[in-house]
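For reference, the structure discussed in these notes is given below.
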Amino acid sequence: MSEAGGAVRIGVYICHCGANIAATVDVKSLAASAATMPNVVVWREYKYLCSDSGQDLIRQDIPNQRLNRIVVASCSPHLHEQTFRAAVAAAGLNPFYLQMVNIREHISWVHENRMEATSKAQDLLRAAVRRVARHEALERSRIPIHPDVLVVGGGIAGIHAALTLANAGKHVYLVERQPTIGGHMAQFDKTFPTLDCAACILTPKMSAVKAHQKITLWTYSEVVQVDGYVGSYQVTVKRRTRYVREDLCTGCLECLEACLYQEGRFTDEFNAGLASRKPIYIPFPQAVPQVPVIDPEACIQFKSGKCKKTCIDACGDRHAISFQLEEKTEEIQVGSIIVATGFQVFDARRAPYYGYGVYPDVYTALEVERLVNASGPTAGEVVLRDGRIPKTVGIVHCVGSRDENTNRWCSRVCCMYSLKLAHLIKERTGAEVFNFYIDIRTPGKGFEEFYQKLLNEKVHFIRGRVAEVTDWALDPTEEGKLILRVEDTLAGLVRRIPVDMVVLSVGLEPRSDAQDVCRMFNMTCSGEGFFTERHPKLAPVNTFADGVFLAGCCQGPKDIPDTVAQAGAAAAEALVLIDSGSIETEPNTAYTDEDVCSGCKTCIPLCPYHAITFLEQEKKARINQATCKGCGTCVAACPSGSIRQHLFEDEQIFEEIEGILTYA
Amino acid sequence: MDSARRITINPITRLEGHGKIEIFLNEQGGVDRAFFQVPELRGFEKFAQGRPAEDMPQITSRICGVCPTAHHMASTKALDALYQVTPPPAARKIRELVYSTFFVEDHALHFYFLGGPDFVVGPQAPAAERNVLGVIAKVGAETGLKVIAMRRKLRELMALAAGKAAHPVFGLPGGVALPSRASR
Amino acid sequence: MKPKVAFYWCASCGGCEEAVVDLDEELLGVADAVDIVFWPVALDFKEKDVAAMPDGSILASFINGAIRNSHQQEMAELLRAKSLVVVAFGICAQLGGIPGLANLSDAKGILAEVYRDGVTPARRYSENGYSLSLPEFFDTVVALDRVIQVDYYLPGCPPTPNLIRDAVHALLAPELPPKGAVLAPDHALCEQCPRKDSRPEKLLVKEFVRPHQVVADQQTCLLAQGLVCLGPGTRAGCNALCIRGNMPCTGCFGPTSRVRDYGAKALSAIASVIESNDESQIERALEAVPDPVGTFYRYSLPSSMLGRRRME
């Protein structure tokens, strides 16, 4: 690095960005005005500064003109700050002697009057020139990356990410809240649009997870605390007990047979409440791991302590079952984290006009997924609660989607799964099926063809949002039926369609604890609770927490192919991090002047990244330079001004303000 | 105007506050007109408005730093009246202790620093000696030190109960901020 | 010859004078070491005596009080000319102090309030052929360094005897402190607070309380008890007198050298402690701060970035 001492010599470079800037800002007169600004010794304008020849101007001027500060007036620093820092560094100057002025997004793209735009550009340029004179050389630091990865959530997203990483030789901790991995996909029968069997494609991957040497699988477990920073996260996982030891259980399931309850008596969550299970159970036959769970809320031994404990007898010499087992906590070290916590379906009770929970034969789509599933409660028979086979079925789209009163977003998958269910119901029952839709959205590969196929199958499509589902018959043909009242917007009339069965195509929404999860991993999320990616186009699986990546529906509704693609991308991002061994940090961090810190602790709880610790011995606050993201919260709050921030020093900011406020 | 006919005393000294006296003499050398100016308005009357009532004891004490306790106590009693609360006996005694201490201390200050030099050193003494140092010279260092030590103890006692001797902070509606205690 | 020293007061209360007297026995030592050539509260020297001195003949002038009228400005200028060193003594001279709260109004508003229907002071007055003048009563109170160059600052309302003694010694020492220095510690008051350790590491406050609304515990951090204690943002030096008196710090020592606007910083720090992101809850939490300007700018309004209220 060359010396930046001595007199400040600033080079100012103004980019035309083709016509993007030059059409609105008079770049020639802007360059001329730069000549009058303090310490400016070189001023140039150029058509495309980001081009190699543009950067060359800077690279050559630095040694030739003995420049020690550079101001680039062009586009947003988001786009090209790294480009120009690299150019500055290539000429031997510390890259943090660069200041950018955004005269494109902040000026040419938002203003029309050329004179006013140019005058504003001068003000911003003068601010940057004043500021850069106060810049100091800064060094980036490197943080080593722990090679292990935590994957949170064992749905198809988490499974795919974990397998990808493990196959690349990385050790993965896969943590799943439920007793089995598989997620929502495990509940489906067929997948759209190919109608291939969900279990056939999912269960081999589930088994592969269990068998993989590089994967530590913790089901029935939850991440409860995350400390540290990219490369070095300390994660606390709470492992609930199943009262069956995973290391001793062979998965023979004899204990299930031996349970005093002959029949299931308790709500079977996996079957969406359409079946019952025993106090000791596995969620479904292909569950991974094949280890039963005892539900202490249901088990006689836990409730009364007076059970004959036939399950223990059945287990015999294996001694896998113990009522004394307790939940435990594991602490692990990982370098990166993939969050794949999935979604929940919209609670249809929130749309009471559709009668879910009131009329027994109003179902949610997830319930019908279980009905049509060959290993479901009816072995794939689509039957009503009383066992009758429906002759007419109405499928109501967009329940809890695209709705001002519930959720405003499109859940993306409902059109296609509604078509799939319509096909399967018609196939199984021969019933007449009506789809009530706002728009049919089939933008995926093979989706439109599938829609055409259903049209050919004579499935009915009625365009209109259903007003209500009622059993109030107005004529004898409606007696004993559920009537859907709907405005058919294509026919232009209000219709009443009587059916035997109503299927509500419920939307996807963030899990109810999404905000807590978001905070725990220091991510950000949208108002509704979907986790926010760092950039919607260019960093779709990164989050604002370095080393934390997103996969699947926790980021937004998506179908299985998109989920798997995203999981692969998240795994790839984690691999980049691990294989580079370390990462460089931005030096715009906050730091405490420990000589003058009074130890008032104001800053400690404010840091969103838990980067500040209170040193009990010294009674001072210290900011971890690796975890600090440079958000400035503590800097603003520090009552005695003892926290400062690199690149945002008071002197620099005041120079900038004065630069703007100075009349030229 | 003949300057011999005009006597200006500027500033008046050995008291708290800014003052200036202008005396105009008549032909016979008698006083024709005398003017006393106090150009030290600060505007407490105005800027106290809009401040919370409970801040008044601390704000009004700044009317005078020589007798802050008087202003502090007056405001505190106004707060009692505002909130219609009567301080409990202990608080009342603490207030009286502070005020009585202030009373003695203020008299000592007045006697040795402010008014006393006129009597002890005398009005005819040179201006440079007509002050506390002159008083000490006159009464002797031993007595001077005794007075100073006594005043220091009084100020310490006030600080003990009122937080600060200069601009106390103990007055609250219906009581005091700090209970009495055996030691600090 | 002993070095000459002057004490003077502008818009002030005399508390800074008392603080000098509070040097007690040491005052005699100071009187031995220097010649006090001007000190209206205690000595009988007149303005004309000062005016007669050669320029630069006084080693140090300790000027307290804010600049409220033209006479104070003239006296500050006179003492500046006569002195090698000027010390802004006390928070009024340093930042404006309590008299600076008058910047929430203006000359017209104050005179109207004080004199009501009576005679309003006039700049010039003549009677029987004698003419007199009064100083101009400014609209805006300013700190001392707005009218003359100030070499050192001694904060506090009033500065404590310890700081005064140290300052006098510093000025008599062969090597002077750097120009512009505030002659007090440069960390916040928490450093000197006897209750420092009782502040929880993660202190967040749901609701603030006013001093008369609680019986404050005598051991616990006052901020942790919901009282708006400005100690974390206030320069140390007083040894936490108010807090030892079981009352919150009101900030009379001003900011540390690293803070430009005391009130803005204190406001930002106190706001940071509120445990809510909900607007209505925040409003409720701040109900106990009914007078932000009087709370956070009690001693520093004239030297704040805004300086005064903009009058309609």
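Just so you know, all these numbers are worked out from the coordinates, no wet-lab data involved. This is a predicted model, so every value here is computed, not measured. Virtual Cβ from ideal backbone geometry, glycine too; neighbours counted across all protein chains shown.
Sorted largest first, the spans of the alpha carbon positions of segment A:590-646 along the three principal axes are 25, 19, 18 Å.
Look at the stretch C:268-276: the mean tally of other chain Cβ atoms within 10 Å of its residues' Cβ atoms is 4.
Debye calculation, C-alpha points only, no solvent: report log10 I(q)/I(0) for the protein assembly as shown at q = 0.04, 0.07 Å⁻¹, in the same order as the q values. For the protein assembly as shown, the Cα-only Debye profile gives -0.36, -0.89.
Just the number, please: percent antiparallel of the DSSP beta bridges in chain A, rounded to the nearest 5. Write out the running numbers ahead of the final one.
Numbers: 49 of 98 bridges.
Bridges in chain A are about 50 percent antiparallel.
Across B:L97, B:L25, B:L154, mean-square fluctuation computed from a Gaussian network of chain B (C-alpha pairs under 10 Å connected) peaks at B:L25.
If you wrap a convex hull around the Cα atoms of segment B:131-184, how much volume per residue is inside, in Å³? Present the calculation step by step, with values, prior to reporting the outcome.
Details: hull volume 5.4 nm³, N = 54.
Taking only Cα atoms, segment B:131-184 has a hull volume of 100 Å³ per residue.
Given a 10 angstrom Cα cut-off, can you work out which residue in C:L134, C:L204, C:L171 is the most mobile in a GNM of chain C? Looking only at C:L134, C:L204, C:L171, the largest GNM fluctuation is found for C:L134.
Rounded, prolate or oblate for segment A:254-318? Axes are the square roots of the Cα gyration tensor eigenvalues, ordered a ≥ b ≥ c, and the cut-off for rounded is a/c under 1.5.
oblate
Against the empirical 2.2 N^0.38 Å scaling, what ratio does the C-alpha Rg of segment A:50-137 come to? Spell out each step's value before the answer.
Numbers: Rg = 13.3 Å, N = 88, 2.2 N^0.38 = 12.1 Å.
Dividing the Cα radius of gyration by 2.2 N^0.38 Å gives 1.11.
Over all other residues within a Cβ to Cβ distance under 11 Å of B:D80, the charged ones net out to +3, with Lys and Arg as +1 and Asp and Glu as -1.
Report the convex hull volume per residue for segment C:79-148, counting only C-alpha atoms, in Å³.
Working: hull volume 8.1 nm³, N = 70.
Expressed per residue, the convex hull around the Cα atoms of segment C:79-148 is 116 Å³.
In this rough spin-label picture, where each label sits 7 Å from Cα along the Cβ direction, the A:R140-A:A7 distance is 3.3 nm. Above 33 Å, the calculated P(r) of chain A contains 61 percent of its Cα-Cα pairs.
Calculated mean residue ellipticity, 222 nm, chain A: -8000 deg cm²/dmol, from DSSP H runs (n ≥ 4) at -39500 (n - 2.57) each, averaged per residue and rounded to 500.
Across peptide C:189-201, what mean number of C-beta atoms from other chains lies inside 10 Å of a residue's C-beta?
Details: counts 4, 9, 7, 1, 3, 1, 0, 5, 3, 0, 6, 3, 8.
Mean shielding by partner chains, rounded to a whole number: 4.
Would you work out if segment A:296-375 is rounded, prolate or oblate? Take a ≥ b ≥ c from the square roots of the eigenvalues of the alpha-carbon gyration tensor; rounded if a/c is under 1.5, else prolate when a/b is larger than b/c, oblate otherwise. It is oblate, given that a/c is not under 1.5 and a/b is not larger than b/c.
Determine, for each peptide in A:626-639, B:60-73, A:48-61, the mean count of other beta carbons within 10 angstrom over its residues, then list the peptides with the highest first. Before the final figure, lay out the partial values.
Values: A:626-639: 21.5, B:60-73: 23.4, A:48-61: 17.1.
The densest-packed peptide leads the list: B:60-73, A:626-639, A:48-61.
DSSP assigns beta bridges within the protein assembly as shown; of those with both partners inside it, close to 50 percent run antiparallel.
Please compute the alpha carbon radius of gyration of segment A:518-558, then divide it by the globular-protein estimate 2.2 N^0.38 Å. Two decimals is fine. Rg over 2.2 N^0.38 Å, computed on Cα atoms: 1.01. Shown for chain C: cysteine residues without a partner Cβ closer than 4.7 Å, namely C:C10, C:C13, C:C16, C:C92, C:C193, C:C221, C:C229, C:C238, C:C242, C:C249. Please compare each pair in A:K458/A:K481; A:K445/A:K558; A:K420/A:K558; A:K453/A:K558; A:K190/A:K445; A:K205/A:K445 to a cut-off of 20 Å on the Cα-Cα distance and tell me which ones are over it. Result: A:K458/A:K481; A:K453/A:K558; A:K205/A:K445 exceed 20 Å.
For chain B, the membrane-span-like helix rule (DSSP H, alpha carbon extent of at least 15 Å along the helix axis, mean Kyte-Doolittle at least -0.5) picks out B:68-83, B:89-109, B:141-162; this says nothing about an actual membrane.
Take the alpha carbon gyration tensor of chain C, find the square roots of its eigenvalues, order them as a ≥ b ≥ c, and report rounded if a/c is under 1.5; if not, report prolate when a/b exceeds b/c, else oblate. The shape class here is oblate.
Rg over Rh for segment A:344-509 works out to 0.93, both radii taken from alpha-carbon positions and Rh defined as the Kirkwood radius.
Note on A:K309: lysines with a C-alpha under 18 Å away, same-chain residues under 8 apart excluded, are A:K278. Pairs of Lys residues in chain C that lie 8 or more places apart, or on two chains, and have C-alpha atoms under 21 angstrom apart add up to 13.
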